[in-house]
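The structure appears below as structure tokens.
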Amino acid sequence: MSGLSLNDVTKEFGNFKAVDRVALNVPHGTFVCLLGPSGCGKTTLLRMIAGLEEPTSGSIAIDDDDITKVPTHKRDLGMVFQSLALFPHLSVGENIAYPLRIRGRSKDEQARRVDELLKLIHLTGFADRPVAKLSGGQRQRVAIARALALSPRLFLLDEPLSALDAKLREAMQVELRQLQQKLGITTIVVTHDQREAMTMADLVVVMGEGRIRQAAAPVEIYRKPADAFVADFIGMTNLLPVEADGAGRAVVLGTAVPGLSLSAGVKKAQISVRPEDVRLTAPGDGAISGTVTFVRDLGGTIETFVEAGGRTIVAVATPRERPNVVAGSPVGIVLPAESCVVLEK
Amino acid sequence: MMQNWLRRLYFGVVALFIAAPLVVVLGVSVNQKQDLTFPPKGFSLAWYSQIFTDPEWRSALIASLLLALSSAAIAVSVALPLSWFLWRRKAPWARIFQLLGVAPFILPPVITALGFLTFWATTGFYGQPWTAAISHAIFFVTLPLVTLSLGFASIDNSLVEAASTMGADDRTVARTVVLPLILPYLVSGYAFAFVLSLNEYIIAYMTIGFTMETLPIKIFNALRYGYTPTMAAVSVFFVALAALVFGLIAKFGDIRKLLGAMGSEVR
Amino acid sequence: MRREAPNSLADYGPLLYPAVMLVVFFVVPFSTMIAVSFFKRDPAGFYKTDFVLDNYARFLTTFFGSVLGFSLMLAVLVAICCVAIAFPFTYLLTKCSRKVQTVWLVCLLSVLSLSEVIIGFSWSTLFSRTAGVTNLLVAIGLMSEPQALLPGFGAVLTGMVYQALPYTILVLYPALVRLDPTLLEAARTLGSSPVRAFFNVVTPALRNTLVATLIMVFVFALGSYLLPQILGRPQHWTLSVLITDQAIYQSNMPFAAAMAVFLVLISLALVGLTLLVGRKENAA
């Protein structure tokens with residue numbers, strides 16, 4: 001069964017295409033992260049799935065039901081807003097019970113479900129507290145519990161963790177992922193934080209300028225970016241120009257990379273090499289020669305910035321393989337062919 | 001510090017200016033004899049009890065209270081659907097009604113009063129008690145309109161959206177989210193209109209002045225035809241009532257916010 | 001629930017009742033008044049339907065001219081006094097703790113809501129010979145015997161400033177409370193004393209607000225109709241008093257209406273000016 005399918009969904013605001021023919025098919029129970037820079041259309045897409053915006057064209061289906069024309073309140077959703085949108089006039093318990101209350105469920109059922117959910121989010125005994133008395137992380141969990149109160153068909157989260165500090169955010173990412181796996185609910189999270197997406201998602205959907213640039217598993221997105229935009233957005237990378245010479249070898253910054261070649265007929269392209277794949281050696285044959293401009297020692301990793309052929313290349317190493325260089329040293333750069341992703345588009 | 005001392009002095013002078021006439025009136029109101037002397041000679045609360053026992057003062061008090069209660073209710077009943085519509089719908093031309101709601105309050109009151117006088121005289125209802133209630137309601141509709149617009153503007157839209165994702169239709173959202181959130185603004189709008197209606201003179205005078213007396217009309221008439229300390233007692237009563245109402249608003253709401261300290265401008 | 005344009009007639013439903021109320025009980029009365037200003041006086045009833053400009057022609061008399069001149073002059077004076085007192089006061093108030101602010105605002109609202117009748121009565125008592133402030137001066141030996149300070153121009157001015165001062169403070173309050181405090185702190189770090197910073201930084205930053213407030217207080221003061229009667233002599237009567245007098249005591253509704261229309265035009269012109277100033281401030 002398809003948990004969510006988007007068929008050429010488009011949203012125009014005047015002449016501006018916020019979302020441009022987005023097509024996506026997600027199996028039931030998948031954890032999807034919509035990832036992209038601000039203004040890429042990810043939030044608009046989420047709001048269309050929720051029914052808070054109407055698509056200009058295209059259709060949306062949840063569990064194979066076309067819901068394009070169904071109003072929000074009949075879509076059977078759970079949604080966590082960026083602002084969390086907890087009702088200030090209701091207590092924690094009343095907030096969580098809200099979807100049950102407006103459906104006229106009995107007081108007993110409401111109380112039982114609130115207890116269950118509070119246990120699930122580790123806030124047993126908090127039912128009568130006012131929302132304003134909670135910490136950021138606790139509020140976050142209450143918003144999640146409220147969205148799950150009715151076991152919705154689709155669980156939507158709009159930048160749910162952006163208000164939390166870094167440590168708490170990381171912990172919540174793990175918690176959210178575990179919760180989703182336990183419940184097996186189709187989940188869509190909007191985020192601009194690629195770490196967050198990598199931690200939680202089964203499927204990462206990278207968006208840029210209203211379009212899907214790549215939709216794949218997190219590791220694949222990292223290892224095999226579809227284009228320069230994705231490569232640059234996900235993690236740190238070195239994007240370098242590459243040319244084919246007469247002998248069919250791929251030449252980067254004037255040096256041929258052994259084992260790397262371009263498709264027949266392609267003269268110029270780009271390669272993406274992750275910093276942790278760049279090796280530094282003594283300057284000499286076979287290596288691109290450059291000069292170290294800056295060394296950033298972060299304790300856990302060491303980033304070396306090398307200028308070569310007018311470009312800055314970053315190499316990341318662990319302290320154990322500590323490269324013996326200082327700013328100003330001449331250095332050789334080796335790009336292993338198996339780590340270079342050729343982006344011919 | 002020098003500056004601190006200066007500020008205290010300045011606050012003190014303003015406070016004295018604002019309090020002085022009220023203190024004198026308070027003093028006069030407890031005179032033992034029917035004299036308007038200050039400092040008071042003797043001490044008596046008889047003039048206060050007269051508000052409730054003297055048939056003329058009592059009927060004026062009742063008339064004033066009825067007028068204020070009903071006109072504030074009508075004002076809120078007009079302001080609530082109007083401000084709701086302006087918040088909920090995109091209809092720029094509907095702003096004209098907002099302007100109409102604010103205009104009577106901005107214009108000099110004599111003008112609004114004269115407008116009502118000519119209107120009720122023309123339609124033949126001149127002097128009927130209910131004409132004053134409607135006139136006051138229209139005159140003071142500005143107050144609930146402003147507080148309610150502020151209230152609606154302060155509702156975070158994601159709260160409304162969150163309710164609808166959880167299955168609430170428009171009507172349910174209005175009942176379970178919007179109404180509870182604007183209730184404080186509704187109450188303060190009513191309270192503002194109530195207190196000001198209680199104190200209003202010229203419109204009441206021009207609409208029903210020849211057939212009945214509200215407290216301000218009664219005080220004014222007493223001012224012309226014979227002073228009595230009861231006037232002072234009524235004045236103290238009014239100040240106390242206003243302070244009580246606004247004090248309650250401040251206690252249970254945020255009066256600074258109501259007066260525009262935070263949040264967006266009313267538009 | 002999206003904010004959307006109304007798309008069916010039923011969506012306009014909530015607007016119906018307020019619209020009817022405001023049109024019937026404000027637009028119609030207002031229009032009636034304008035119409036009446038062209039009617040003729042009827043000594044037996046309220047007015048006779050007609051179309052004459054006599055009521056407006058009466059403006060051209062010297063009596064009317066002097067009343068108008070006095071009204072405007074008094075309102076200007078009240079506006080200047082109020083803003084001069086209220087501006088520094090409100091500024092200092094916004095620097096106080098929330099609690100102090102709240103207490104002051106409650107007091108100011110209470111005074112603002114007071115009937116003009118009560119304000120007039122209170123000041124007439126304070127300025128009277130028997131109960132007035134002069135008794136205190138006698139008590140401390142500054143005066144030999146108490147005397148009445150009213151009726152007189154000073155009494156009228158004091159009463160009207162008293163009436164308009166809370167209004168002025170409450171109009172200034174939002175603008176001052178939102179003033180960026182770093183503006184002043186920046187001036188302080190550059191070596192300005194608090195008092196100098198107030199005049200060199202705060203005042204110019206709020207120049208347009210001050211102008212708008214002056215105009216609003218001016219219109220507010222133009223509307224005062226009882227204080228000049230209670231605290232002043234007939235030569236201190238303003239246009240508002242004259243309108244009341246003509247409408248009620250002289251039973252000349254058409255002339256009162258004509259004066260009212262005239263007062264509306266002045267007020268509207270000034271309110272329009274305020275909006276214009278406000279718009280400039282927003283644009284800046």
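The values are calculated or read from the model by the stated rules, or taken from the named source; none is laboratory data. None of the values given here were measured: they were computed from a predicted structure. Neighbour counts are summed over all protein chains in view; Cβ atoms, including those assigned to glycine, are modelled from backbone coordinates with ideal geometry.
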(request) Select from the stretch B:74-126 the residues that are more than 7 Å from every other protein chain (Cβ to nearest Cβ), in contact (Cβ under 8 Å) with a residue 24 or more places away in the chain and aliphatic (A, V, I, L, M) and list them in ascending order. (result) B:Ile74, B:Ala75, B:Val76, B:Ala79, B:Leu80, B:Leu86, B:Val102, B:Ala113
(request) Determine if the stretch A:77-97 includes at least one residue that is at pLDDT below 95, in a helix (DSSP H, G or I) and at the interface with another protein chain (Cβ under 7 Å from one of its Cβ atoms). (result) no
(message) Out of C:Thr209, C:Thr213, I need the residue that is surrounded by 24 or more Cβ atoms within 10 Å (Cβ to Cβ) and farther than 20 Å from B:Glu200 by Cα. Which one?
(response) C:Thr213
(request) For residues that are out of contact with any Phe, Trp or Tyr (no Cβ under 8 Å at 6 or more places or on another chain) and surrounded by fewer than 21 Cβ atoms within 10 Å (Cβ to Cβ), scanning just the stretch B:27-39, find the one that is nearest to C:Ser124 (Cα to Cα). (result) B:Thr37
(message) Test of understanding: among A:Leu123, A:Leu164, which residue is under 24 Å from A:Gly36 (Cβ atoms) and hydrophobic (A, V, I, L, M, F, W, C)?
(response) A:Leu164
(request) State yes or no: is B:Pro39 more than 30 Å from B:Asn157 (Cβ to Cβ), modelled with pLDDT under 90 and within 13 Å of chain C (Cβ to nearest Cβ)? (result) yes
(request) Could you check, for the stretch C:129-145, whether at least one of its residues is part of a helix (DSSP H, G or I), closer than 26 Å to B:Val146 by Cα, more than 9 Å from chain B (Cβ to nearest Cβ) and of a type in the set (S, T, N, Q)? (result) no
(message) Let me spell it out: the conditions are (1) facing another protein chain (nearest Cβ under 10 Å); (2) surrounded by fewer than 24 Cβ atoms within 10 Å (Cβ to Cβ); (3) over 19 Å from C:Pro14 (Cβ atoms), and B:Val187 meets all of them except one. Which number is the exception?
(response) (1)
(message) Just to be sure I understand, how many residues within the stretch A:5-48 are under 18 Å from the mean Cα position of the chain (by Cα), among the aliphatic types (A, V, I, L, M) and within 24 Å of A:Lys74 (Cβ to Cβ)?
(response) 8
(message) Can you tell me which residue is surrounded by the most Cβ atoms within 10 Å (Cβ to Cβ) among those in the stretch B:127-160 that are facing another protein chain (nearest Cβ under 7 Å) and not aliphatic (A, V, I, L, M)?
(response) B:Ser158
(request) State all residues of the stretch A:258-286 that are in a helix (DSSP H, G or I) and without any contact (Cβ under 8 Å) to a residue 60 or more places away in the chain; if no residue qualifies, say none. (result) A:Pro275, A:Glu276
(message) I'm trying to understand the selection: among the residues of the stretch A:287-301, which are part of a strand (DSSP E or B) and closer than 24 Å to A:Ile234 by Cα?
(response) A:Phe294, A:Val295, A:Arg296, A:Asp297
(message) Restricting to the stretch A:287-313, name every residue that is more than 31 Å from the chain's Cα centre (by Cα) and in contact (Cβ under 8 Å) with a residue 12 or more places away in the chain.
(response) A:Ala287, A:Ile288, A:Ser289, A:Gly290, A:Thr291, A:Val292, A:Thr293, A:Ala308, A:Gly309
(message) Every residue in the stretch A:44-67 that is away from chain B (no Cβ under 12 Å), out of contact with any helix residue (DSSP H, G or I) (no Cβ under 9 Å at 6 or more places or on another chain) and not in a strand (DSSP E or B), please.
(response) A:Thr44, A:Leu45, A:Met48, A:Thr56, A:Asp63, A:Asp64
(message) Looking at the stretch C:168-178, can you tell me whether even one residue there is more than 10 Å from chain B (Cβ to nearest Cβ), closer than 30 Å to B:Leu196 by Cβ and in contact with a helix residue (DSSP H, G or I) (Cβ under 8 Å, 6 or more places away or on another chain)?
(response) yes
(request) Could you tell me whether B:Val236 is more than 9 Å from chain C (Cβ to nearest Cβ) and either in a loop (DSSP other than H, G, I, E, B) or touching a residue at least 12 places away in the same chain (Cβ under 8 Å) (or both)? (result) yes
(request) From (1) modelled with pLDDT of 90 or more; (2) more than 9 Å from chain C (Cβ to nearest Cβ); (3) over 23 Å from the mean Cα position of the chain (by Cα), pick out the condition that doesn't hold for B:Ala204. (result) (3)
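One line per residue, one yes/no per condition, for (1) within 13 Å of B:Ala20 (Cβ to Cβ); (2) modelled with pLDDT of 75 or more:
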site: C:Val117; (1), (2): no, yes
site: C:Trp123; (1), (2): yes, yes
site: C:Phe127; (1), (2): yes, yes
site: C:Thr130; (1), (2): no, no
site: C:Leu142; (1), (2): no, no
site: C:Val156; (1), (2): no, yes
(request) Residues being facing another protein chain (nearest Cβ under 9 Å) and crowded, with 24+ Cβ neighbours inside 10 Å: count how many of those fall in the stretch B:212-233. (result) 6
(request) Looking only at the stretch C:3-39, count how many residues are surrounded by fewer than 16 Cβ atoms within 10 Å (Cβ to Cβ) and modelled with pLDDT under 85. (result) 10
(request) May I ask you to say which residue of B:Val76, B:Val110 is touching a Phe, Trp or Tyr at 6+ places or on another chain (Cβ under 7 Å), assigned to a helix (DSSP H, G or I) and modelled with pLDDT under 90? (result) B:Val110
(message) Whether any residue in the stretch C:43-50 is touching a residue at least 24 places away in the same chain (Cβ under 8 Å) and part of a helix (DSSP H, G or I) is what I want to check.
(response) no
(message) If I ask for residues that are touching a residue at least 60 places away in the same chain (Cβ under 8 Å), in a helix (DSSP H, G or I) and small (Gly, Ala, Ser), which ones from the stretch C:204-229 would you list?
(response) C:Ala212, C:Ala221
(request) Name the single residue, out of those in the stretch A:1-22 being touching a strand residue (DSSP E or B) at 6+ places or on another chain (Cβ under 7 Å) and of a type in the set (S, T, N, Q), that is nearest to A:Thr44 (Cα to Cα). (result) A:Thr10
(request) Would you please name the residue that is farthest from B:Leu65 (Cα to Cα), looking only at residues in the stretch B:245-267 that are at pLDDT 85 or above and at the interface with chain C (Cβ under 9 Å from one of its Cβ atoms)? (result) B:Ala250
(request) Considering each residue of the stretch C:230-257, count those that are in contact (Cβ under 8 Å) with a residue 40 or more places away in the chain, more than 25 Å from C:Pro29 (Cα to Cα), in a helix (DSSP H, G or I) and not aliphatic (A, V, I, L, M), and give that number. (result) 2
(request) Could you please give the count of residues in the stretch A:219-253 that are under 12 Å from the mean Cα position of the chain (by Cα) and touching a residue at least 24 places away in the same chain (Cβ under 8 Å)? (result) 5
